[in-house]
1. Mind listing whichever residues of the range 42-65 are aliphatic (A, V, I, L, M) and under 8 Å from the mean Cα position of the chain (by Cα)?
2. Within the bounds of the range 17-26, is there any residue that is touching an Asp or Glu at 6+ places or on another chain (Cβ under 6 Å) and open to solvent by less than 40 Å² (accessible area, probe 1.4 Å)?
3. Residues 71, 65, 78, 82: which one is within 20 Å of residue 10 (Cα to Cα) and either open to solvent by 50 Å² or more (accessible area, probe 1.4 Å) or free of Cβ contacts under 8 Å to residues at least 60 places away in the same chain (or both)?
4. Could you check, for the range 3-17, whether at least one of its residues is within 12 Å of the chain's Cα centre (by Cα) and either farther than 21 Å from residue 83 by Cα or not hydroxyl-bearing (Ser, Thr, Tyr) (or both)?
5. Under 7 Å between Cβ atoms, which residue pairs at least 6 apart in sequence (or on different chains) link something in the range 19-36 that is under 12 Å from residue 67 (Cα atoms) with a partner that is of a type in the set (D, E, K, R) and assigned to a loop (DSSP other than H, G, I, E, B)?
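The values are calculated or read from the model by the stated rules, or taken from the named source; none is laboratory data. Since this is a predicted model, take the numbers as computed values, not measurements. Cβ coordinates were reconstructed from backbone atoms using ideal geometry, including for glycine residues, and neighbour counts include every protein chain displayed. Heads up: the accessible areas ignore ligands, DNA and RNA and are worked out on the full protein's heavy atoms, side chains in. Shrake-Rupley method; radii C 1.70, N 1.55, O 1.52, S 1.80 Å.
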Amino acid sequence: LQLAPLLTAEQQTAYNTAIDAALQRAEANLARLDPRRLKGSQRSNFQRVRSFIQQAQQTRASDLAVAKSLADRADLLAQDLARNFR
């Protein structure tokens, strides 16, 4: 059992806003891709982004800091995927 840090209401709001924004950006970048045209590492990174998004959503209720970290990872990886997709 891991204890999440205690956050003020303002901190919780800030974390939730940041998580929402990162997840929305990640989803938008994934939506720009055609999974059938992804190759090798692109395909595995696409699945990794999906996994990070799902984990962030599941973890959100118990640990906002971890959820934000996962959402940020999803966002960055999705941005990289979209940027390098041809």
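1. We begin by selecting, within the range 42-65, every residue aliphatic (A, V, I, L, M); these are 49, 53, 56, 61, 64-65.
Passing the criteria: 49, 53, 56.
2. From the range 17-26, those touching an Asp or Glu at 6+ places or on another chain (Cβ under 6 Å) are 22, 25-26; that's our starting set.
So of that shortlist, the ones also open to solvent by less than 40 Å² (accessible area, probe 1.4 Å) come out as 22, 26.
Yes, the conditions are met somewhere in the range 17-26.
3. Values: 65 fails: either open to solvent by 50 Å² or more (accessible area, probe 1.4 Å) or free of Cβ contacts under 8 Å to residues at least 60 places away in the same chain (or both); 78 fails: within 20 Å of residue 10 (Cα to Cα); 82 fails: within 20 Å of residue 10 (Cα to Cα).
Residue meeting the stated conditions: 71.
4. Of the residues in the range 3-17, the ones within 12 Å of the chain's Cα centre (by Cα) are none.
So far as the range 3-17 goes, no, none of its residues is within 12 Å of the chain's Cα centre (by Cα) and either farther than 21 Å from residue 83 by Cα or not hydroxyl-bearing (Ser, Thr, Tyr) (or both).
5. Matching pairs, first to second residue: 19/60.
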